[in-house]
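Visitor: Before we start, here is the structure in question, set down as structure tokens.
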Amino acid sequence: MAIIINELSRTFGEFLLLPNLTTKDCVVENVDLSAPIVRFKKGVEPSLKLNIPFSSAIMQSVSDNNMAVALAKNGGISFIYCSQPIESQAEMIRKVKKYKAGFVISDSNLTPEHTLADVLELKERTGHSTMAITEDGSPTGKLLGIVTGRDYRITRDPLDKKVKDFMTPDNSLIVGKEGITLSEANDIIWKHKLNSLPIVDEDFNLVYLVFRKDYSEDKDNPNSLLDNQKRYVVGAGINSRDYKERVPALVEAGADILCIDSSEGFSEWQYDTIQWIKQEYNGKVKVGAGNVVERDGFKYLAGAGADFVKVGIGGGSICITREQKGIGRGQASAILDVAAARNEYFEKTGEYVPICSDGGIVLDYHITLALAMGADFVMLGRYFAGFDESPTNKIKHGNGYVKEYWGEGSNRARNWARYDLGGQANLQFEEGVDSYVPYAGKLDDGLRTTLYKIKSTMCNCGTKSIKELQENSRLTIVSSTSLTEGGAHDVILKNQ
Ligand code: IMP
């Protein structure tokens with residue numbers, strides 16, 4: 001007969017934090033949200049830490065190179081999705097590692113043989129009015145000219161006019177040489193009243209564009225998560241199928257940490273994957289594993305050498321795993337159980353293995369609850385999908401906008417490797433849906449508000465770090481009637 005675990009499977013919405021004494025030094029400015037992301041020995045600093053406890057989900061609709069840059073600028077990390085060919089995932093990693101604040105790889109490019117119609121079509125598609133004209137139309141080809149909105153008149157010029165007949169040609173262009181600093185590039189921009197400055201190498205191949213508006217970027221982001229060469233830190237998803245080919249390509253491209261992307265990680269496939277990576281790279285390449293929802297799964301993956309363990313099955317907003325397969329656990333119960341196992345493991349071995357709460361965060365305070373319950377950091381899909389920086393389309397919906405968001409187990413993503421149990425190489429049934437999320441504007445703005453809320457709550461709980469929050473917070477379970485009490489109630493709301 002099956003064993004019945006008597007505790008209910010609970011989720012975040014069933015808990016509230018009780019305030020503790022707030023001392024006078026406990027103010028938002030003093031709260032430190034840094035968090036370990038890789039295992040470390042007692043008394044030793046972890047080799048990689050996040051400046052904020054946020055990671056973006058390993059999903060096509062969430063984590064590409066743009067999201068990775070935007071999140072690393074704010075102190076968190078993206079794990080670039082692995083449900084794509086190895087080379088294109090590696091290229092995304094390279095783009096993040098090459099990214100220099102203010103130096104942009106040109107993504108709107110044409111050749112001199114293109115026409116005004118092509119220019120207008122590209123402008124419509126990308127929203128960019130500055131286009132690099134290169135010999136082969138690539139972002140790094142020989143630079144032959146630049147086209148901006150000032151080079152043509154839609155009302156006068158025929159649509160079949162060749163780009164070479166109206167672009168600003170290379171001999172009249174002001175360019176910067178590869179290696180110049182942002183402040184030098186900016187001086188040239190101001191001196192010549194330019195809107196953008198192409199940066200070229202010795203052979204006049206295009207390397208970057210610098211736009212006037214980007215100049216202050218690096219000054220605005222004191223929290224950026226950088227490696228020792230001042231490049232943004234980035235993670236990459238992998239699977240337990242093609243890791244022997246994928247991992248070397250990602251490591252070569254510069255990925256700082258990997259994570260096995262699987263809906264259910266308590267498996268010998270994950271054990272083999274971790275062991276191979278640890279042996280192949282002498283323990284130097286860091287890899288997270290998961291997902292698990294209870295202590296045995298945690299102990300197994302920690303014992304295999306995982307650098308962090310991801311927790312959560314069936315709680316994701318786009319996830320239908322529990323309906324389809326009847327496996328999973330309420331996210332709060334899963335975190336509490338795994339965190340207890342993590343602490344025991346630390347006591348016993350002297351090694352701390354961080355845990356990540358993945359999926360099921362609906363309201364900002366759920367993040368604070370996840371941290372209080374023992375998570376070291378969270379992974380979010382829905383939350384990040386709504387921002388401008390996610391890779392998906394923004395669509396007009398009623399009076400506002402929405403963005404597309406689809407699960408890795410949906411027919412749209414067809415990430416069969418995530419749900420693979422060593423059988424056939426295709427998706428047998430869906431475990432995720434294709435959906436929309438409300439458009440949430442710029443990541444910087446949304447995240448700033450969320451972080452402020454988390455820090456304020458931590459001050460209410462008399463804590464100034466995640467560790468203090470984990471050790472000192474007190475939680476209460478809420479009844480359904482007190483849940484009603486928690487929102488606006490018994491009043492007639494204005495503007496509705
Ligand atoms: P969210 O933040 O609640 O939207 O959850 C995101 C998490 O859901 C991801 O990090 C994955 O762990 C999980 N996930 C992604 N795609 C699917 C899917 O298609 N089915 C089930 N879970 C998924």
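Every number here is computed from the coordinates shown, using simple stated rules; none is lab data. Since this is a predicted model, take the numbers as computed values, not measurements. Don't worry about glycine lacking a Cβ; one is built from the backbone with ideal geometry, like all the others, and counts go over all protein chains shown.
Visitor: Normalised by the empirical 2.2 N^0.38 Å for globular proteins, what value does the Cα Rg of region 38-130 take?
Guide: The reported ratio for this selection is 1.45.
Visitor: While we're here: What's the exposure ranking of SER456, SER196, SER357, going from fewest to most Cβ atoms within 10 Å?
Guide: Lowest to highest Cβ neighbour count: SER456, SER196, SER357.
Visitor: Excluding same-chain residues fewer than 8 positions from LYS464, which aspartates and glutamates have a Cα within less than 12 Å of its Cα?
Guide: The qualifying aspartates and glutamates are ASP25, GLU29, ASP32.
Visitor: Continuing with this model, one more query. Considering all alpha-carbon pairs of region 134-272, what whole percent are spaced by more than 24 angstrom?
Guide: Counting every Cα pair in region 134-272, those more than 24 Å apart make up 56 percent.
Visitor: Let me ask another. Just to check, using Stokes-Einstein with a Kirkwood Rh over alpha carbon pairs, what's the diffusion coefficient of the chain at 4 °C and 1.567 mPa s in µm²/s?
Guide: 53 µm²/s
Visitor: Principal axis lengths of region 283-354 from Cα atoms, whole Å, largest first?
Guide: 38, 25, 16
Visitor: Identify all lysines with a Cα-Cα distance to LYS164 below 18 Å; exclude those on the same chain that are fewer than 8 residues away in sequence.
Guide: LYS123, LYS142
Visitor: Let me check I've understood the local charge: for ALA370, count other residues with C-beta under 10 angstrom from its C-beta, Lys and Arg +1, Asp and Glu -1. What total comes out?
Guide: Result for the neighbourhood of ALA370: -2.
Visitor: Let's test this: bin the Cα-Cα distances of region 15-56 at 5 Å from zero up to the farthest pair and state each bin's percent.
Guide: Histogramming region 15-56 at 5 Å steps yields 5, 16, 16, 17, 19, 17, 10 percent.
Visitor: Please list, or write none, the lysines whose alpha carbon is within less than 17 Å of the alpha carbon of LYS442, excluding same-chain residues fewer than 8 places away.
Guide: Hits, sequence-local ones excluded: LYS73, LYS213, LYS394, LYS396, LYS403.
Visitor: Which of ILE133, ILE199, ILE188 has the fewest other C-beta atoms within 10 Å, and how do the rest follow up to the most?
Guide: Exposure proxy ranking, most exposed first: ILE188, ILE199, ILE133.
Visitor: Right, next: If you line up the Cα atoms of region 40-191 on their principal axes, what length do they span on each, largest first, in Å?
Guide: Projected onto its principal axes, the Cα set of region 40-191 covers 70, 38, 25 Å.
Visitor: Here is a follow-up. How large is the convex hull of the C-alpha atoms of region 113-202 per residue, in Å³?
Guide: Looking at region 113-202, the number lands at 107 Å³ per residue.
Visitor: Express in whole angstrom the spacing between the alpha-carbon centres of region 97-169 and region 268-335.
Guide: About 46 Å separates the Cα centre of region 97-169 from the one of region 268-335.
Visitor: Under 23 Å between alpha carbons: how many lysine pairs meet that in region 242-353, if sequence neighbours fewer than 8 apart on the same chain are excluded?
Guide: 17
Visitor: Provide ASP434, ASP151 in ascending order of the number of other Cβ atoms located within 10 Å of each residue's Cβ, fewest first.
Guide: Fewest-to-most Cβ neighbours within 10 Å comes out as ASP434, ASP151.
Visitor: Moving on. Which of the helices in the chain meet the span-like rule: DSSP H, Cα axial reach of 24 Å or more, Kyte-Doolittle mean at least -1.0?
Guide: 331-349, 443-460
Visitor: To one decimal place, what orientation-averaged projected area in nm² is obtained for the convex hull of the Cα set of region 226-282?
Guide: Result: a mean projected hull area of 4.3 nm².
Visitor: Given N residues in region 306-396, what is Rg(Cα) / (2.2 N^0.38 Å)?
Guide: In units of the globular-protein estimate, region 306-396 measures up at 1.23.
Visitor: Quick one: which of 227-238, 66-77 comes out on top by average Cβ neighbours within 10 Å, and what's the full order, highest first?
Guide: Taking the mean over residues of other Cβ atoms within 10 Å, the ranking is 66-77, 227-238.
Visitor: Sort the following peptides by mean Cβ neighbour count (other Cβ atoms within 10 Å, averaged over residues), highest first: 331-337, 114-120.
Guide: 331-337, 114-120
Visitor: Continuing with this model, one more query. Between PHE204 and ASP434, what is the spin-label point distance in nm, taking each point 7 Å from the Cα along the Cα→C-beta axis?
Guide: Computed distance between label sites PHE204 and ASP434 equals 4.6 nm.
Visitor: Please compute the Kirkwood hydrodynamic radius over region 212-319, one decimal place, Å, based on all pairs of different Cα atoms.
Guide: 15.3 Å
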